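Derivation of every value follows stated rules applied to the coordinates shown; laboratory data play no part. All figures in this text were calculated on a predicted structure; none of them were measured in a lab. We place every Cβ from the backbone using ideal geometry, glycine too, and count neighbours over all the protein chains shown.
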Amino acid sequence: MVMAILLLLIPLMPVLTLADTCPRCGSMDVPCPLSTDGNCGNPKYRVYCNNDILQLSSAEGFYYRILSITPSANKLVISPPLIVKNTCLSSDLRLGGFRLDENSPFNISSRNTVMLFNCSENILLSPLNCSSNSLCRQFEDKVVEGSGCRNSLCCTFLKDASMTSHRIRARVGGCTAYTSVVDMQPGETVDSWKYGIELQWLAPKSLVE
């Protein structure tokens, strides 16, 4: 009798599982919980498949290409914005740089080495490395994209837990351009830098409860 009652109750029990995995976007898999529409994945983890290119949107609606996804580590890497040719202006400058909604399940990881360019002298009051041997100087001197920033004030820092994990700021009167390198190792040459902004996401509650 008890077994029969249990069998009747099983269909009524809530099942804490994710929706179906979303279809591939171009050449990229879209693993759960990422969602490209309301019919797959978890809608809180929204990404976008635009012309077969998988992208993530900032809080302001600027789209950044997703370069890689590591679902086992709850991480993905997006492409940093372009620095407009022959200028020292990031393509997302008018929006204040990169910013995530603070209610988003995504945040910026602590493995990003961020370089800021064309900065005002006010930045010298910060603890960033703005010296002549800062890594940002190598980017200016050896990468074509950085050539428009030569002779400007630039600074480098490793984004850590003491900083906001939801934005990298760019603005007129501050620093007008930036780039980021993921998991930079001591002694790495410019040619081996892995450009990107690594984000991590909190697992959906249904998976941790």
*Please identify, among Ser109, Ser192, Ser152, the residue showing maximal mean-square fluctuation in a Gaussian network model of the chain using a 10 angstrom Cα cutoff.*
Ser192
*Quick one: among Cys22, Cys154, Cys175, which has the greatest mean-square fluctuation in a GNM of the chain with alpha-carbon springs under 10 angstrom?*
Cys22
*With a 4.7 Å Cβ cut-off, tell me which Cys residues in the chain come up empty for a partner.*
Cys32
*asked:* What distance in nm separates the two pseudo spin-label positions at Glu121 and Asp20, each 7 Å out from Cα along the beta-carbon direction?
replied: 6.3
*For an R0 of 35 angstrom, estimate the FRET efficiency from the Cβ-Cβ distance between Ser27 and Ser147 and round to the nearest 0.05.*
0.65
*Starting from the Cα of Lys142, draw a straight line to each of the lysines and keep only those under 18 Å, dropping any in the same chain fewer than 8 residues away.*
Lys85, Lys194
*Check the straight Cα-Cα distances from Lys44 and name the aspartates and glutamates below 12 Å, setting aside those fewer than 8 residues away within the same chain.*
Asp101
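Tyr63 to Asn103: extension gain in nm, 0.36 nm per residue of separation minus the Cα-Cα distance?
Values: separation 40, 0.36 × 40 = 14.40 nm, distance 1.80 nm.
So the chain would gain 12.6 nm between Tyr63 and Asn103.
With an 8 Å Cα cut-off and a minimum separation of 6 or more residues, compute the relative contact order for the stretch 50-199 in percent.
Values: 298 pairs, mean separation 46.9, N = 150.
Reported as a whole number, the value is 31 percent.
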*aspartates and glutamates near Lys75 by alpha-carbon distance under 12 Å, same-chain residues fewer than 8 away left out - which ones?*
Glu198
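Asn129 to Ser72: FRET efficiency via 1/(1 + (r/R0)^6), r the Cβ-Cβ distance, R0 41 Å, to the nearest 0.05? Walk me through the numbers before you get to the answer.
Values: r = 33 Å, r/R0 = 0.80.
Efficiency for this residue pair is about 0.80.
Taking R0 as 30 Å, what's the FRET efficiency between Asp160 and Asn39 from their Cβ-Cβ distance, rounded to 0.05?
Details: r = 38 Å, r/R0 = 1.27.
In this case the efficiency is close to 0.20.
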